[in-house]
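Enquirer: One structure coming up, written as C-alpha cells, with questions to follow.
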Amino acid sequence: MADHKAHEVSNFKRVVIKVGSSSLNHPNGGLCHQSLAAFVAEIARLRELGHEVIIVSSGAVAAGMGILGLTQRPKTISAKQATAAVGQGYLMQRYNEELNNYGLIGAQILLSRLDLAERERYSNARNTLETLLQNGVVPIVNENDTVAIEELCFGDNDRLSALVAGLIDANLLVIFSDVDGLYTANPRQDPAAQLIPLVKEITPEIATLAQGKGSNIGTGGMSTKLDAAKIVTTSGIGMLIINGTKPHELEQFLQGGAAGTFFQPRKGRLSSRKRWLAWAGISEGSIQVDEGAQAAIVHEGKSLLPKGVVKVEGEWERCQLVRIVDKNQREIARGLVALSSEEVEMCKGLHSAEAAALIGVEKGCEVVHRDFLTVTR
C-alpha cells in the first residue's frame, strides 16, 4: 500500500471528523450508545496523540426519531425541524457524558448556511472555533436544522464538514461512512468491487463511481462525499473516507498506515478569503466567458476582463460574489465583481480602455480582479 505514503502524518495536526447518522444510530432511528462511545474513545485517543479535533456530527434528526418512535425520516421541513429539536439536546447530552469520561469538554456549534455565506459571520464562526480549540474544548458542529430552510441549507453534513475544514484551516477531513471507502463498483452489489486506497485527482471517471443515495436515516451518499473531497482538496486539505464501524482505523492512518480511501490535496493552500470565495459564499449570478478568458483565468491566473465576457445572468451590485462559467455553463471560478451586472452587460466584449470610457472610470477596467477570484474547476 505504498500509495498511502502520499500523506505526511506530521501535517495532520488539526483534524475535522464528520460522523454520519448511519454511524451513530440504529438503522431505523434512535441513538446507538455503543457506537457513540467507541467514536468518542477514538477522539480521546487522538487528543492524547496531540491532534486537535473538531467533530461535525449528524444524528439530531435520527436521535429524535428514536425518541418519538418514528421509523421513517420526516419528509416536510417542519417535521424535520421538530424532530431535530427533540434529538439535538439528547445527542449533545450523550456526547458530553462520553467526553467527560476522558476529562474532555464538548461545545455545541449550530451553523446555518448564512453563518458561512456572509463574510463577517464567517470570520466570527472561525474565531469562535479557534478560541474553543485554544481552550482544549472539542467543538461539535451540526447544521441548525431547527431553523434551516430549504433554500438556505447545506443539504448534507458532508458539505458542511468540508466547509468547516476550510473555515478553521484544518489539515485533514475524515468522513466516517457505512463502507470502507471508495470502490471501483458498489461493493453491496458487486463482489468483485475493489477498494481504491488513493485518489490523486477527482476525474470524471472517479465521479462516475459515486452512485446511489445514502441510508434510510441519512441524507448523504458517496456522491456528496466526492463533492466534499473536491472542496477540501482544491483548498489544499486532504480527505479520508473510512468505515464508521472501525474508528480505530483513523489512528492507524494517522500513524502512517493504510486505511480507507485518501484523497490527496492539491499543492498549495488557499487563503481563508480564497476558500470563502470558492465554496462558502452565495453567488448572485453568473458570467459566461469565452475560451480565451477561460484559459487566462484557469491556467494563467489572470483577471477577468470585459473582452472575455459572453453573457450575463442575474443581477448584482459591485463587490458581490458571482460564478464564472464556460460555454457549457460549467463553473470554472468564483469572484467578487468590480462592476455591477448592468455595467458588465454594457461593456461585455470590449477592450478594457473602451469599457473604462463607457462606464466612466479613469483606469483600465476589470470585471473580476485576480486577487478576488478563485478557480473552482
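So that you can scan it fast, the table gives a plain yes or no per residue for (1) in a helix (DSSP H, G or I); (2) touching a residue at least 60 places away in the same chain (Cβ under 8 Å):
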position	(1), (2)
PHE39	yes, yes
ARG47	yes, yes
PRO74	no, no
ALA79	yes, no
ASN96	yes, no
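Enquirer: For residues in the stretch 248-298 being modelled with pLDDT of 90 or more, surrounded by fewer than 21 Cβ atoms within 10 Å (Cβ to Cβ) and under 15 Å from ASP371 (Cα atoms), which is nearest to the chain's Cα centre (by Cα)?
Expert: VAL298
Enquirer: Something else now. Quick one: is LEU358 in contact with a Pro (Cβ under 7 Å, 6 or more places away or on another chain) and surrounded by fewer than 19 Cβ atoms within 10 Å (Cβ to Cβ)?
Expert: Considered against the rule, which asks whether it is in contact with a Pro (Cβ under 7 Å, 6 or more places away or on another chain) and surrounded by fewer than 19 Cβ atoms within 10 Å (Cβ to Cβ), LEU358 comes out as no.
Enquirer: Another one. Out of ASP158, ASP190, ASP180, ASP145, report the one residue that is outside any loop (DSSP other than H, G, I, E, B) and at pLDDT below 95.
Expert: Every option except ASP158 fails the conditions.
Enquirer: Let me ask something else. Can you pull out the residues in the stretch 333-345 that are buried (at least 17 other Cβ atoms within 10 Å of the Cβ) and outside any loop (DSSP other than H, G, I, E, B)?
Expert: Those that are buried (at least 17 other Cβ atoms within 10 Å of the Cβ) and outside any loop (DSSP other than H, G, I, E, B): ALA333, ARG334, GLY335, LEU336, SER341, GLU343, VAL344.
Enquirer: Looking at this structure, is LEU240 among the hydrophobic types (A, V, I, L, M, F, W, C), modelled with pLDDT of 90 or more, over 19 Å from the mean Cα position of the chain (by Cα) and assigned by TED's automatic domain parsing to the domain that holds LYS18?
Expert: Taking the combined requirement at face value, the residue does not satisfy it.
Enquirer: Of the numbered conditions (1) in a strand (DSSP E or B); (2) without any contact (Cβ under 8 Å) to a residue 60 or more places away in the chain, ILE140 fails exactly one; give the number of that condition.
Expert: (2)
Enquirer: Among the residues of the stretch 62-72, are any surrounded by fewer than 24 Cβ atoms within 10 Å (Cβ to Cβ), on the phi < 0 side of the Ramachandran plot and of a type in the set (S, T, N, Q)?
Expert: yes
Enquirer: If you go through the stretch 269-296, how many residues are among the small types (Gly, Ala, Ser) and in contact (Cβ under 8 Å) with a residue 60 or more places away in the chain?
Expert: Summing the residues that are among the small types (Gly, Ala, Ser) and in contact (Cβ under 8 Å) with a residue 60 or more places away in the chain in the stretch 269-296 gives 4.
Enquirer: Check ARG330, ARG266 and return the single one that is assigned by TED's automatic domain parsing to the domain that holds ALA165, of a type in the set (D, E, K, R) and in contact (Cβ under 8 Å) with a residue 12 or more places away in the chain.
Expert: From the options ARG330, ARG266, the qualifying one is ARG266.
Enquirer: Could you list, ordered by first residue, the pairs with Cβ atoms under 7 Å in which the first is in the stretch 297-320 and touching a residue at least 12 places away in the same chain (Cβ under 8 Å) and aromatic (Phe, Trp, Tyr) and the second is assigned to a strand (DSSP E or B) and surrounded by 13 or more Cβ atoms within 10 Å (Cβ to Cβ), at least 6 apart or interchain?
Expert: TRP316/GLY285; TRP316/VAL322
The values are calculated or read from the model by the stated rules, or taken from the named source; none is laboratory data. It should be emphasised that the depicted structure is a prediction, and the values quoted were computed from it without experimental measurement. Here Cβ is always computed from backbone atoms with ideal geometry, including for glycine, and neighbour counts include all displayed protein chains.
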